Every structure is written in C-alpha cells, then in structure tokens.
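The values are calculated or read from the model by the stated rules, or taken from the named source; none is laboratory data. Remember, predicted model here, so these are calculated numbers, not experimental data. Counting neighbours? That spans all protein chains shown, and the Cβs are built from the backbone with ideal geometry, glycine included. Heads up: the accessible areas ignore ligands, DNA and RNA and are worked out on the full protein's heavy atoms, side chains in. Shrake-Rupley method; radii C 1.70, N 1.55, O 1.52, S 1.80 Å.
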Amino acid sequence: MRLIYNKFELEQIISRIKEENKSIGFVPTMGAIHKGHLALASRAKTENDVCICSIFVNPTQFNNSEDLKKYPRTLKSDIELFTQIGVDFIFVPSESEMYPESKIEQINLDGLDKVMEGKFRPGHFNGVSVIVKKFFLLIKPDKAYFGEKDFQQLTIIKYLVKKLNIPVEIIPCATIREADGLAMSSRNQRLNAEERIQAPIIYKTLKEAKELTKNESIDNIKNIVKEKINSHSLLKLEYFEIVESDTLVPALKINEEKHYTACIAVFAGKIRLIDNIKIL
C-alpha cells in the first residue's frame, strides 16, 4: 500500500499505470471506514489490476457547518483497514489540494439534485458532483464503485458521467447492513445506545412499505410510514418518497412496467440517517 498526498504524485503514478495498460478500480470515501467501504474496495481490487481509494471529507457537500465539524475523522484506522484488504494506493489530499480555486464550479444536474436529499440539503449534490468529477479526471479509473445506500447520489453520478462523457463505468454495490438491518454508515458511530436500538426500525419500515405497495395507494403508504417512524420517541421522519429509479420522479402510482425505489431520511436524535429499498 502507498499513501499519496498530492495531485502531482498521483498523476505520475496514474501515468505509469496507464503506460502498463493496467485497469484501475476507484473507491471515493470520506473516511470513517466500515464494512460497506471495505466491500467496495474488495470488489474494486478483485475486478481491476490496481485499486485506488480516496479519503477526503469534502467540505462543499455539507450545507450544515456543524455536521461538517462533527463528521468522524479516523484516518489512522482507515488506512489500517484499507491496508489489511490490500488496497494499492490511498489518496489523502488536503482541502487546498482539491480546491485551489476560490469559486466552486456549478454543475447543472437537470433537477435530479432538487428532490429528496437535494430538497433538504441544498447544494449538497453540486458539491458531490464537483469532487467526483475532480477525482475522475485525476485518477482516470476504468471502474468506480458506489454503494446503493446512497441511491440518489448513485443515480446522479451515473447521470454526471453520461452528461460530461467521462469514460468510467459506474459499478453499483449492494448496501451492507448490520445483523439487525441497519444500513452501515459512517454516521452510525455518532448514535448513542438508545438511538442505535431504534435505528433499525428505519429498514424494517421500508420493508413493510414495499409490501404495502401491493394493495395500498402511495399516499396511504406515506401516511403509514410517517406514523410508524414518528411513533418511536427518538425517530423523526424527514421524508419518504417512492420514485422512478432512473429519473427520481416521485411516483403517483405503481406501474409494473417501470422500476421504483422507496427512499427515506430519518433523524435518530440529531443524527440523520438515509436508506432505500427497491420496489420493482
């Protein structure tokens, strides 16, 4: 494993890899590494000649300065975990390395960034898109790996690559869950004991919502989900939507010829958790 801290060194390494006609698998992370990240990196290592992971807490995707301040930073253990599974290179840039310019680029995502997460976190997906674009242009990966837990982000990254004609294959990877169903997330580290007990109700409710689509209207399902989540003392629903999987357009009813995903955001105390489930 080799640590890289600046773009110049990274570009030299990428140039050598390309000269040797080796394929690159890339996993971008913000650290606080858990089994979900390790599954992405393990798959990238298996499917490519070289595996590169980045660890960078990207400030431009936080619309809440307190959230950025409290985001877990565990660089030493992150490096150890990636090293244990045989990651070849870890890129750990500084903020000034990735954002030497003072003005942040604005990327038109044609409305995909305005619903669900985008509605409650304005500017979030522009920040995600800007940093992912920077990483893709620097690293020139053949394949890049993203977890399905961040379903809207995954959809937007696929769209970004197509819109900007970036030659990288986006590989969606299944959500890795705890034994009780809670989707693995770096934010789980911030849950206290009582919040951690109630948090698995989020996925349980999503599974119940999926079953309800067989007989209930979407409006009724939304009301049932809200009542179910908010009936628990430490949980508060921010949103629940059933959307067309490709376009993120909210569904009015289920058409069996299309694909849908149910997406949810819930506060467990002050910790915001997201999850989703495929409907069709």
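A few points about this structure:
- Helix-only mean residue ellipticity at 222 nm for the chain, each DSSP H run of n ≥ 4 adding -39500 (n - 2.57), per residue, nearest 500: -11500 deg cm²/dmol
- Extension reserve of the E66-E238 stretch, reckoned as 0.36 nm per residue once the Cα distance is removed: 60.1 nm
- Rounded to 5, the percent of DSSP beta bridges in the chain classed as antiparallel: 50 percent
- Accessible area expressed per residue, the stretch 178-229, with surrounding protein chains retained (probe 1.4 Å, Å²): 56 Å²
- For the stretch 1-110, applying the loop criterion from DSSP together with a ceiling of 15 other beta carbons within 10 Å to the chymotrypsin sites (Phe, Trp or Tyr not before Pro) yields Y5.
- With every protein chain in place, the stretch 10-104: carbon and sulfur % of accessible area (1.4 Å): 48 percent
- Efficiency of FRET from Cβ geometry, T247 and T83, R₀ 35 Å, rounded to 0.05: 0.30
- Listed by chain and number, the aspartates and glutamates whose alpha-carbon sits under 17 Å from that of K103, ignoring those within fewer than 8 places in the same chain, are E95.
- Whole-percent carbon and sulfur share, accessible surface of the stretch 213-257, 1.4 Å: 44 percent
- Among Q198, I107, I85 - extreme Cα towards positive end, dipole of the stretch 71-218, charges at beta-carbon: I107
- Under 19 Å from the I197 label point (7 Å along Cα→beta-carbon), backbone N, the stretch 217-241: 229-236
- Per residue accessible area in Å² of the stretch 8-87, where ligands, DNA and RNA are left out and the probe is 1.4 Å: 48 Å²
- One chain, two ends: D180 and K270. Fully extended at 0.36 nm per residue, the span grows by 30.3 nm beyond their Cα-Cα distance.
- Residues I104 and T74, FRET efficiency given R0 of 35 Å [Cβ-Cβ distance, rounded to 0.05]: 0.85
- Dipole magnitude of the chain about its Cα centre (Cβ charges: Lys, Arg +1; Asp, Glu -1), debye to nearest 20: 300 debye
- Whole-angstrom gap from the stretch 248-270 to the stretch 1-57, using each part's C-alpha centre: 32 Å
- Reach of K18 by Cα under 22 Å, taken over lysines that are not fewer than 8 positions away in the same chain: K7, K45, K133, K134, K140, K143
- Sites L280 and N220, calculated FRET efficiency, Cβ-Cβ separation with R0 22 Å, nearest 0.05: 0.75
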